[in-house]
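Written out below as structure tokens is the structure these notes cover.
The values are calculated or read from the model by the stated rules, or taken from the named source; none is laboratory data. What you see is a predicted model; the values in this text were computed from it and never measured. Using ideal geometry, Cβ is built from the backbone for each residue, glycine included, and neighbour counts are taken over all protein chains shown. Note: accessible area is taken over every heavy atom of the protein model, side chains too, but ligands, DNA and RNA are not part of it. Shrake-Rupley method; radii C 1.70, N 1.55, O 1.52, S 1.80 Å.
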Amino acid sequence: QVQLVESGGGLVQPGGSLRLSCAASGSSFSSYAMAWHRRAPGKQRELVAMITSGNSTIYTASVKGRFTISRDNAKKTVYLQTNSLKPEDTAVYYCKAGRLGTAYWGQGTQVTVSS
């Protein structure tokens, strides 16, 4: 069992930055693929970025070059550094842990990009 708690969301102006964190509890954190998803108002949830247990990363096209996902296995934490934020990045951001067909989700953290 894995529990995930996101933090770091908030209100930021266009062009600004936020660092989202997802702290995990439970064992074997390093063996999980970790991901950030988001759900914008009126839209379906989408994958933003993922990092594997081997530290390979993938990003959705709209955030490439602006967002960076990373993990600290000793702290059981995954991060999402978001730069050059745009109003269309406004969404609830969710952390996900996945392994062998099992997935765990956090409760989400709100990111609002507005002037």
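For this structure, a couple of remarks:
- Taking 0.36 nm per residue of separation and subtracting the Cα-Cα distance, full extension of the segment from ARG45 to ASP72 would add 7.2 nm.
- Rounded to whole numbers, the Karplus 3J(HN,Hα) couplings from phi for the stretch 40-46 are 7, x, x, 10, 6, 5, 10 Hz, using 6.51 cos²θ - 1.76 cosθ + 1.60 with θ = phi - 60°, and x at Gly and Pro.
- In the context of the full set of protein chains, the chain has a per residue accessible area of 52 Å² (1.4 Å probe).
- Surface share of carbon and sulfur [accessible, 1.4 angstrom probe, percent] for the chain: 47
- Net charge contributed by nearby residues that have their C-beta within less than 14 Å of THR82 (K/R +1, D/E -1): +2
- Hz values of 3J(HN,Hα) by residue in the stretch 88-96 - Karplus curve (6.51, -1.76, 1.60), Gly and Pro given as x: 6, 7, 4, 4, 8, 9, 10, 9, 9
- FRET efficiency estimate (nearest 0.05) - Cβ-Cβ, SER115 to THR57, R0 35 angstrom: 0.70
- Placing a pseudo-label 7 Å from each Cα along the Cα-to-Cβ vector at SER84 and SER7 gives an inter-label distance of 2.9 nm.
- Relative contact order (percent, whole number), the stretch 16-82, Cα cutoff 8 Å, 6+ residue spacing: 38
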